[in-house]
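Asks: This is the structure I want to talk about, given as structure tokens.
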Amino acid sequence: ALGLHNDIIGPYLTGLATEEQKRRWLPGFCDGSLITAIAMTEPGAGSDLQGIKTRAEDRGDHWLLNGSKTFISNGILADLVIVVAKTTPEGGAKGLSLLVVERGMEGFERGRNLDKIGQKAQDTAELFFHDVRVPKENLLGELNGAFVHLMTNLAQERLNIAVAGIAAAEYLLEITTEYVKEREAFGRPLSRLQHIRFEIAEMATECAVTRTFVDRCTEDHANGELDAVHASMAKWWATELQKRVADRCLQLHGGYGYMTEYRVARAFTDGRIQTIYGGTTEIMKEIIGRSLLG
């Protein structure tokens, strides 16, 4: 929830908001009294942003917003929701805009807090918009410019997920290394078995290589040089590594790894979403492939 608020929503508000919008929203955003979310995914549109059906009609002094979103992180608790909506009949890359919906707006309803397999402490919701009157001054960024805004900010979002992925993999490797030193089988520590040593060696090497690339991408981002392709590479590689490491570390914990009181079990379920949100692994590969092959 904090990563979403600070690293994903933050750049939209600091980079796209008008001075008037910043005065309204940034104080609460910074002191934590306003919780934020971004609503892109719909029941029928996930990684394909051009499939979005939520629409906003120009009614002079306001937009009339109708549609629904799903899998929205912070959705239950959010006070400000950046909603991606069609502002032209055709929508698509040139017909989407960002509208900020605020808590209490008539017609804005929240569905159930979705029951996920992991990340239980963080709310993920369905959102519904029934003739919500969104003031014109709540347009964020350029009219019909959402696709460009989203593509610009998704690089940081994907890098953020990649950083979380490699950090989780390193943490799992650390606690599993300690576990196999202490756990005994056949009268000696698991760490004395060659297979176990090979597993730890492989994961340590993969983590070291991945950390080097993610650090490079972080440095590029700090210098304003990170592009969508390298962000996609970092995202898919680090999160797929996290998934593999979680699975292998759980296996090395044996039956204890399947028990939820063990950290490796919680990490296994909490981390599974990493290869899905922020753009699936398959979409990351498509972005990379298009850059190389056209």
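The values are calculated or read from the model by the stated rules, or taken from the named source; none is laboratory data. Just so it is clear, the model here is predicted, and its values are computed rather than measured. Neighbour counts run over all protein chains shown; Cβ positions are idealised from the backbone, glycine included.
Asks: Taking interchain pairs and intrachain pairs at least six residues apart, which have beta carbon atoms under 8 angstrom, with the first residue in the range 252-280 and farther than 26 Å from Val229 by Cα and the second of a type in the set (Phe, Trp, Tyr) and surrounded by fewer than 16 Cβ atoms within 10 Å (Cβ to Cβ)?
Replies: That search, which allows pairs on different chains as well, returns Tyr262/Tyr256; Ala265/Tyr258.
Asks: Would you point out which residue out of Arg197, Arg266, Arg192, Arg211 is out of contact with any Ser or Thr (no Cβ under 8 Å at 6 or more places or on another chain) and either hydrophobic (A, V, I, L, M, F, W, C) or modelled with pLDDT of 95 or more (or both)? Reasoning before the result, please.
Replies: On the way: Arg197 fails: out of contact with any Ser or Thr (no Cβ under 8 Å at 6 or more places or on another chain); Arg266 fails: out of contact with any Ser or Thr (no Cβ under 8 Å at 6 or more places or on another chain); Arg192 fails: either hydrophobic (A, V, I, L, M, F, W, C) or modelled with pLDDT of 95 or more (or both).
Unique residue meeting the criteria: Arg211.
Asks: Out of Glu199, Glu126, report the one residue that is surrounded by 15 or more Cβ atoms within 10 Å (Cβ to Cβ), of a type in the set (D, E, K, R) and outside the structural domain of Val264 (by TED's automatic domain parsing).
Replies: The conditions single out Glu126.
So that you can scan it fast, the table gives a plain yes or no per residue for (1) out of contact with any strand residue (DSSP E or B) (no Cβ under 8 Å at 6 or more places or on another chain); (2) of a type in the set (D, E, K, R):
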position	(1), (2)
Gln156	yes, no
Leu159	yes, no
Ala168	yes, no
Leu172	yes, no
Thr177	yes, no
Lys181	no, yes
Arg188	yes, yes
Arg192	yes, yes
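Asks: Working carefully through the options Arg263, Arg211, find the one that is of a type in the set (D, E, K, R) and under 25 Å from Ile117 (Cβ atoms).
Replies: Residue meeting the stated conditions: Arg263.
Asks: Search the range 77-112 for residues being assigned to a strand (DSSP E or B) and surrounded by fewer than 14 Cβ atoms within 10 Å (Cβ to Cβ), and hand back the single one that is modelled with the highest pLDDT. Break it down stepwise before answering.
Replies: Looking only at the range 77-112, we keep the residues that are assigned to a strand (DSSP E or B), and these are 80-86, 96-102, 108-112.
Among the residues that remain, those that are also surrounded by fewer than 14 Cβ atoms within 10 Å (Cβ to Cβ) are: 109, 112.
Values: Glu109: 98, Arg112: 93.
Across the range 77-112, the extreme among qualifying residues is Glu109.
Listed here are the residues, each with its yes/no results for (1) in the same structural domain as Thr280 (by TED's automatic domain parsing); (2) surrounded by 19 or more Cβ atoms within 10 Å (Cβ to Cβ); (3) at pLDDT below 95; (4) out of contact with any Pro (no Cβ under 7 Å at 6 or more places or on another chain).
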site: Thr152; (1), (2), (3), (4): yes, no, yes, yes
site: Tyr171; (1), (2), (3), (4): yes, no, no, yes
site: Lys181; (1), (2), (3), (4): yes, no, no, no
site: Asp215; (1), (2), (3), (4): yes, no, no, yes
site: Asp220; (1), (2), (3), (4): yes, no, no, yes
site: His230; (1), (2), (3), (4): yes, yes, no, yes
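Asks: Can you give me the number of residues within the range 8-47 that are under 21 Å from Ile283 (Cα atoms) and assigned to a helix (DSSP H, G or I)?
Replies: Within the range 8-47, the first condition is being under 21 Å from Ile283 (Cα atoms), and the residues that meet it are 8, 38-47.
Checking the rest, the ones that are also assigned to a helix (DSSP H, G or I) come to 8.
Looking only at that region, the number is 1.
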